[in-house]
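The values are calculated or read from the model by the stated rules, or taken from the named source; none is laboratory data. All values derive from a computational prediction rather than experimental measurement. FYI the Cβ positions are ideal-geometry reconstructions off the backbone, even for glycines, and counts take in every protein chain you see.
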Ligand SMILES: CC(=O)SCCNC(=O)CCNC(=O)[C@H](O)C(C)(C)COP(=O)(O)OP(=O)(O)OC[C@H]1O[C@@H](n2cnc3c(N)ncnc32)[C@H](O)[C@@H]1OP(=O)(O)O
Ligand SMILES: CC(=O)C(=O)O
Ligand SMILES: [Mg+2]
């Protein structure tokens, strides 16, 4: 593809002295990417006690941080990273991510130069907003390599793109494949809606006007018998499905994004669950009350793990077909069950409560 590195150069460091790019993106649990504003003293004070209770803590520097607080947020994040034990750095229970300012903003260069120099060894992933195409990832890729080399880092910092422009959606495959640093994609429903000129005013979630109406039921005299029901549809289905395919193709991870109606945990849970079922590995949490929802939704249920283990056991060498509870299982349903079993094992490795629940599962023949 034009502008892409040749296969032989794809995994070469982009600066002398920069760490070797990873061949495979580590599958680290990231059910909840919890956003906080490092310039908000009350939020910042809560961060140390959140380590170990949430998979990812993300210091947000972009939208939702007031322009006057941009520098305070950047320096606040450096301070928090330095002062908080077991936060980020490629191991430990909670990863440290940041969302930098947009690439055309006056703040982004200082965001990257400061953060990589000061806390690059702790920073696991840099989230880049409003990514339009591979050229944005190439810019960040080279700059990170130069800064990593200067800071003497031995582990590459990964990059996550937010899909929040129509052009970004159109270029989704080239964005995912632009660099071995690419860790994943998140949906940016608020900016994306504005860029597409959608007629919504929300941050993620459904809309009561986006419906399908059932056909009229007529009597033999051609009179309508009852009111026709409507069914609300998911505004984000198309975009999430594209993200899942593009990410799966490139071996990276898709995430839902923000659900702005903090006061509606039920609808929040539904949106998160749709994303989980379609293939997303996690979501953002904007408020502490959303963390438990994300953790619950993006961890396979005990019933699903029990069923998956039963299929694995029944399928023996993994070939052929068997009947379980009146249903046919074969190589393909086994593969789905293995996705569930592997995710459960991975999560049990970092979540003692889940480990206890999964360990207690008894699988009958
Ligand atoms: C479209 C996008 O770009 S989405 C991404 C950008 N947006 C964000 O990052 C938003 C992050 N979240 C927030 O700013 C806040 O949660 C808000 C503005 C939504 C609500 O904040 P508040 O009105 O303070 O909520 P609330 O009163 O319920 O907070 C309860 C407590 O939780 C704290 N809290 C709220 N949000 C967070 C958070 N994200 N992380 C840690 N603590 C938090 C509050 O400081 C408050 O602390 P206190 O008990 O010591 O007073
Ligand atoms: C997530 C985000 O930044 C947006 O929805 O615009
Ligand atoms: Mg946005």
Hey, could you check the stretch 60-72 for residues that are in contact with a strand residue (DSSP E or B) (Cβ under 8 Å, 6 or more places away or on another chain) and more than 19 Å from residue 288 (Cβ to Cβ) and say which is farthest from ligand 2 (Cβ to nearest atom)?
-> 61
Single unsatisfied condition, residue 92 versus (1) at pLDDT below 95; (2) within 16 Å of ligand 2 (Cβ to nearest atom) = (2)
Only one of these is surrounded by fewer than 22 Cβ atoms within 10 Å (Cβ to Cβ), farther than 19 Å from residue 152 by Cα and within 16 Å of ligand 1 (Cβ to nearest atom): 108, 65, 56. Name it.
-> 108
Looking for whichever is more than 16 Å from ligand 3 (Cβ to nearest atom), out of contact with any helix residue (DSSP H, G or I) (no Cβ under 9 Å at 6 or more places or on another chain) and either in contact (Cβ under 8 Å) with a residue 12 or more places away in the chain or not in a loop (DSSP other than H, G, I, E, B) (or both) here; the options are 228, 242. Which one fits?
-> 228
Search result, residues across the stretch 240-249 that are buried (at least 21 other Cβ atoms within 10 Å of the Cβ) and either within 16 Å of ligand 2 (Cβ to nearest atom) or farther than 24 Å from residue 198 by Cα (or both) = 240, 243, 247
Report yes if residue 29 is more than 16 Å from residue 157 (Cβ to Cβ) and either away from ligand 1 (no atom under 11 Å from the Cβ) or surrounded by fewer than 12 Cβ atoms within 10 Å (Cβ to Cβ) (or both), otherwise no.
-> yes
Taking the stretch 260-278 and the residues there that are touching a strand residue (DSSP E or B) at 6+ places or on another chain (Cβ under 9 Å) and within 18 Å of residue 55 (Cα to Cα), the one that is farthest from ligand 1 (Cβ to nearest atom) would be 276
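Looking at 78, 47, can you tell me which residue is under 20 Å from residue 101 (Cα atoms) and surrounded by 14 or more Cβ atoms within 10 Å (Cβ to Cβ)?
The conditions single out 78.
Kindly state which strands (runs of 3 or more DSSP E) lie completely within the stretch 250-365 and contain at least 1 residues that are surrounded by 16 or more Cβ atoms within 10 Å (Cβ to Cβ).
The strands (runs of 3 or more DSSP E) meeting that bar are 253-255, 283-285, 327-329.
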For residues that are more than 10 Å from ligand 2 (Cβ to nearest atom) and within 15 Å of residue 131 (Cβ to Cβ), scanning just the stretch 180-202, find the one that is surrounded by the most Cβ atoms within 10 Å (Cβ to Cβ).
-> 185
Got at least one residue in the stretch 339-352 being in contact with a strand residue (DSSP E or B) (Cβ under 6 Å, 6 or more places away or on another chain) and under 20 Å from residue 54 (Cβ atoms)?
-> no
Number of positions in the stretch 172-225 that are more than 14 Å from ligand 3 (Cβ to nearest atom) and under 20 Å from the mean Cα position of the chain (by Cα) = 15
For the stretch 129-153, what are the residues that are touching a helix residue (DSSP H, G or I) at 6+ places or on another chain (Cβ under 6 Å) and either within 18 Å of residue 78 (Cα to Cα) or within 16 Å of ligand 2 (Cβ to nearest atom) (or both)?
-> 131, 132, 147, 151
Looking at the stretch 25-39, which of its residues are in contact with a helix residue (DSSP H, G or I) (Cβ under 8 Å, 6 or more places away or on another chain) and either without any contact (Cβ under 8 Å) to a residue 60 or more places away in the chain or over 16 Å from residue 258 (Cβ atoms) (or both)?
-> 27, 29, 36, 37, 38, 39
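In the set 112, 87, 96, 57, which member is in contact with a strand residue (DSSP E or B) (Cβ under 8 Å, 6 or more places away or on another chain) and over 27 Å from residue 299 (Cβ atoms)?
Criteria check complete, one pass: 112.
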